[in-house]
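Here is the structure we will look at, set down as structure tokens.
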Amino acid sequence: MALATDDQILARYRDAEAPLLPLLHAFHERDHCLTSSALRAVATALRIPLADLWGTVSFYHHFAREGETRSAPRICTGPICSLRGAHERVAAMAGEGATAMPCSGRCDQPIPALVGDRSMTFAGSRLVPAPRSPLPAPNPGGLEECVFAGIRAPDRGTMAGYLASGGGRGLERARGLEPAALLDELEAAGLAGRGGAGFPTARKWRAVREAAGEAKVVVCNADEGEPGCFKDRALMDHDPLALIEGMAIAALATGATLGFIYLRYEYPETLDVLDRALTEARAAGMIGGAFEIHLRRGAGAYICGEETSLLNSLEGKHPFPRNRPPFPVTHGYRDRPTAVNNVETLCSVAPILARGAAWYRGLGLGGQAGTKVISLSGDVLRPGNYEVPLGFPLARLIHDWAGGLPAGRTLQAVTMAGLSGGFLGAEDVAEVTLDEPSIRARGSFLGAGGIMVFDSSRDMVAVAREAMAFFAHESCGKCFPCRIGSQRLTERLGFESGPTDQVEWRREIDEIARTMKATSACGLGIAAPLVAESLIRLFPGAVTEKFQEREAR
Amino acid sequence: MSTTEGPTIELDGEVVAYEPGETLYQIATRARREVPTLCYDPRLEAFGGCRLCVVEVEGIRNPVASCTTQATPGMKVRSSTPALEGHRRTILELVASENRQIEVDPLSGHSSGEFAALARRYELRPGRFAGRKSGASRHDDDNPFILRDYDQCISCYRCVRVCAEREGDYAISVVNRGFATQISTEFGGLLKDSACTFCGQCVQTCPTGALADRKALRAVDLPEPIAKTRSVCTYCGVGCSVDIVTKGERVVGVQPAMDGPANLGALCIKGQFAFDFVQHDDRLKTPLVRRDGELVPASWDEALDRAAAGFRAVVDQHGPEALYAIASGRAPHEASYALQKLMRAGWGLNHIDNCSRA
Ligand SMILES: Cc1cc2nc3c(=O)[nH]c(=O)nc-3n(C[C@H](O)[C@H](O)[C@H](O)COP(=O)(O)O)c2cc1C
Ligand code: SF4
Ligand code: SF4
Ligand code: SF4
Ligand code: FES
């Protein structure tokens, strides 16, 4: 097949909603990089100043520039893959142009890589196509689930299989309800955001509904960039129609006519799954007409999961987070009232409508409403996604459900909220329940629900340094405390620079951490210092050892 | 509070009135609080990057950036507390740690001393937070006007924003992200190959001297103190206000007046950089008249007599309608004024123009 010409590519997207990313991806695919002539063509077509476009393209990790190629292997060096020798893999494949990429959301599987648009994995030292993402194991506690309840049904990803296994009933009920009643039902269910911030979903949607302006927007945040999180991937790979049904209900509740799914770059197979599901959903009348959904692919930037940065990315702007207020509920995509919601949040909506608020609320334990999917990885026998009732003891999840640690190993620490919540130590893990009040009481938070387990053989100082290096790498560079602070914390945790005296070293870290938490412009910079703080709090001995090693050198 | 009055906030315990739409920073500055900033330029849309302007607002857990936060009635705001001052100092020490030096020559540009002034005010501890440097100077960009010494850059993006928002040129942008961020033209090239018009606005808003006035810096070693004289650019009819920068008798640079009513800190390449002629060696120091086709030095009286005779001859032969005068854009305003006076009042003509179309 002949390659598309510039004009064909431009014609396809020039007048589309959110045209920049699909245009860039189309050129990137055709030319295996973004050539300067492609950038000039895009800049002219979309009337973006060339310097701006150049800056914006450079923001994303995965766009190969002229002279590079997107088919050079990118190997995941996320926290868990690092423990499994990912850095050594990158070095070994340097001859093939291999580079590192941040956690790519397969922490429950062998080290993943991307080559062009294929997810790969290692067979010996060779890269081979990776298997599909695993289906979540049946609930080990035999507990009732919400978002995973139908996911294991045969052909769940097709409309026929979806409807046969109970899909579609939520939307059917929602269509018979007044928006106000719909919102009341969600409110009664107590559903809160599952993307990290835990904002009550009904309240967000009501704000969009009540905001001035007709053309409202629903955005599904499928960026899942948080290291140690791979739950949204499982949901989309195996139950894409539940997400689409949830978005259709969101459109009814908010009055939206336009929808987007913003999917992270690192999930190319999921892109195809969603594309097919959207086609089927259109054919079945689930969407289309009054509410259309566009699929957009990110290009490698953790910050684009932050909702205002995501909106800038959709709009083709430099993806810095926006200043708030105004919030997206009044000024979102192109200043239109916009509900940005996480995949898991949206997947919960149809079951709640189908089975009722009381049912959902009752799934939680100890006064908590509903369930949460936890992505569990690291030093456990059965890593994977588990849907737990909120309020469920973490120790039971790790030791009973996931089979505990490999024989002879003991638990040293876990991360929370993927990486953003920093570490909890063994004592906390024994006591904590999986809900915000319990985890926040220990100085961390549940967030998006990624939990990585580290046994006592792990060098926690090194883990913390890698974690901080991730935040430094992903800091957008908008605000001073995060841009410089995350870099300085990385250097200090790696002992590259900074005081040689431990007391002074800690004082510097304390000061940077305090200021980052108080003054950073978005959640990345506010959360990043938790890794350093919790390391020092939980593992002072390990830190002292590093200083002694350093002195001995 | 009576209902006929406008809204108020409580600022450091004092009730302060404000206009709806005003930010906390604007209100605090008006109330003479010295809230530090580095990414702020009152002419630009507030960006919220440096976070130095953070203030405490009752009921909000974290401090908020005052430059991007609009006041709401009854807000209780603290503009300076030990915690805030601590954060400000930490941020400034972080910024200091990424740069080669803090103090720069004031010839660098209008705002080039902002960071150094804050460094002094907050008594930064040298060596604090030492680590890798962030900037990458463009030594290869040898344009005669703008020094791109990004080793000194603190990523406030004022240059990028002024170029876009005020000049409309969009010549430069932010590339990469985080600590790797750099200021760049498209494809990382030289300014002369970009959309840059060398207006110098980026230089004049830069708070560190990372972008610096290369022409002014030629005078860095002159011993005399810097003086500034407010004037109006001669080059065209816009009437941009400028501060002529001198050292002793020497004009060493031009800086735009940020409060110039016509330009608010803007200039074009000519107003900004084209001043060398003033004290150029080729410049005439005495009148010249032509004798036998040769230009030779003459006294003022002789030269003026010759000019008057020339005018007289034309008027006698063709009438005054045959006269036309055009003033040089390099002439001082006073000279241009005198010339039009001569034409209008002297000859009764409106045949007068100026060469400048900047
Ligand atoms: C640095 C950063 C990264 C984020 N990444 C994601 C993400 O990948 N997916 C997501 O759903 N939310 C992410 N969030 C949270 C979003 O800003 C937003 O709160 C969320 O999408 C709202 O959806 P919810 O209410 O359904 O949780 C991120 C936030 C920050 C500060
Ligand atoms: S906290 Fe970090 S990621 Fe967020 S705006 Fe500031 S620099 Fe960007
Ligand atoms: S000199 Fe003017 S046009 Fe050139 S980069 Fe600076 S602000 Fe933009
Ligand atoms: S060059 Fe100057 S104005 Fe531009 S970002 Fe750097 S410090 Fe700010
Ligand atoms: S002046 Fe407000 S953040 Fe810089």
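The values are calculated or read from the model by the stated rules, or taken from the named source; none is laboratory data. Just so it is clear, the structure is predicted and the values come from calculations on it, not from any experiment. Note that each Cβ is placed from the backbone with ideal geometry, even for glycine, and that neighbours are counted across all protein chains shown. Note: accessible area is taken over every heavy atom of the protein model, side chains too, but ligands, DNA and RNA are not part of it. Shrake-Rupley method; radii C 1.70, N 1.55, O 1.52, S 1.80 Å.
A few points about this structure:
- Extended-chain gain in nm, criterion 0.36 nm per residue less alpha-carbon gap, residue B:218 and residue B:45: 59.0 nm
- Loop GluC sites (Glu not before Pro), the stretch B:90-137 (other Cβ atoms within 10 Å of the site Cβ: 10 or fewer; DSSP): B:123
- Contact residues in the stretch B:186-209 by the 20 Å² criterion (accessible area, 1.4 Å probe, full protein complex versus chain alone): B:186, B:187.
- Estimated FRET transfer efficiency (residue B:278, residue B:78; beta-carbon r; R0 41 Å; 0.05): 0.20
- Heavy atoms of residue A:199: accessible area, 1.4 Å probe, square angstrom to 10: 90 Å²
- Shielding by other protein chains, A:319-325, mean Cβ within 10 Å: 4
- Of the trypsin sites (Lys or Arg not before Pro) found in the stretch A:28-70, those that fall in a DSSP loop while having at most 10 other beta-carbon atoms within 10 Å are A:47.
- The mean number of partner chain beta-carbon atoms within 10 angstrom of a residue's beta-carbon across peptide A:511-522 is 6.
- Cα-based Lys proximity count in the stretch B:212-358, under 23 Å, for pairs eight or more positions apart or on separate chains: 7
- Once the chain from residue B:133 to residue B:226 is taken as fully extended at 0.36 nm per residue, the excess over their C-alpha distance is 30.4 nm.
- For chain A, the dipole from Cβ point charges (+1 on Lys and Arg, -1 on Asp and Glu) about the Cα centre works out to 360 debye, to the nearest 20.
- Of interest is the spacing of the C-alpha centroids, which for the stretch A:131-152 and the stretch A:71-101 amounts to 30 Å.
- Rounded, prolate or oblate (a/c below 1.5 giving rounded, otherwise prolate when a/b exceeds b/c) for the stretch A:156-206 by Cα gyration tensor: oblate
- Surface calculation, 1.4 Å probe, protein heavy atoms: residue A:125 sits at approximately 90 Å² accessible.
- Extended-chain gain in nm, criterion 0.36 nm per residue less alpha-carbon gap, residue A:294 and residue A:462: 56.4 nm
- Label-point separation, residue A:407 to residue B:117 (7 Å along Cα→Cβ), nm: 7.2 nm
- For a modelled paramagnetic label at residue A:537, 7 Å from Cα along Cα-to-Cβ, the residues of the stretch A:438-478 in reach, with backbone nitrogen under 11 Å, are A:440-445.
- Between B:201, B:272, B:101, the Gaussian network model of chain B with springs among Cα atoms under 10 angstrom shows the greatest mean-square fluctuation at B:101.
- Cα gyration tensor shape for the stretch B:102-214, rounded if a/c is under 1.5, else prolate or oblate: prolate
- Gaussian network model of chain B, springs between alpha carbon atoms under 10 Å - residue of B:266, B:257, B:117 with greatest fluctuation: B:117
- Put the Cα centre of the stretch A:479-553 next to the Cα centre of the stretch A:13-53 and the gap is 40 Å.
- Euclidean distance of C-alpha centroids, the stretch A:306-344 and the stretch A:358-427, integer Å: 31 Å
- Projected label points at residue A:175 and residue B:335, each 7 Å from Cα along the beta carbon direction, are separated by 8.3 nanometres.
- The modelled label-to-label distance for the pair residue A:358/residue A:40, using points 7 Å beyond Cα in the direction of Cβ, is 6.9 nm.
- Distant-in-sequence amide contacts of residue A:121, defined by a placed amide H-H separation under 5 Å and a gap of 5 or more residues or a different chain, comprise A:113, A:128, A:130.
- Ranked by the mean number of other Cβ atoms within 10 Å per residue, highest first, peptides A:369-376, B:305-312 order as A:369-376, B:305-312.
- Å³ per residue enclosed by the Cα convex hull of the stretch A:460-552: 78 Å³
- Shielding of peptide A:45-58 by partners, expressed as the average count of other chain Cβ atoms within 10 Å per residue Cβ, is 6.
- Within the same chain, lysines fewer than 8 places from residue B:76 are excluded, and of the rest, none has a Cα less than 19 Å from its Cα.
- Along the stretch A:142-153 the Karplus relation, 6.51 cos²θ - 1.76 cosθ + 1.60 evaluated at θ = phi - 60°, assigns HN-Hα couplings of x, 7, 5, 10, 10, 6, 9, 4, x, 5, 8, 5 Hz to successive residues, with x for each Gly and Pro.
- Accessible area buried between chains B and A, both sides summed, probe 1.4 Å, in Å² to nearest 100: 3800 Å²
- Among the trypsin sites (Lys or Arg not before Pro) found in the stretch B:125-217, not one is both in a DSSP coil and sparsely packed, with 10 or fewer other Cβ atoms within 10 Å of its Cβ.
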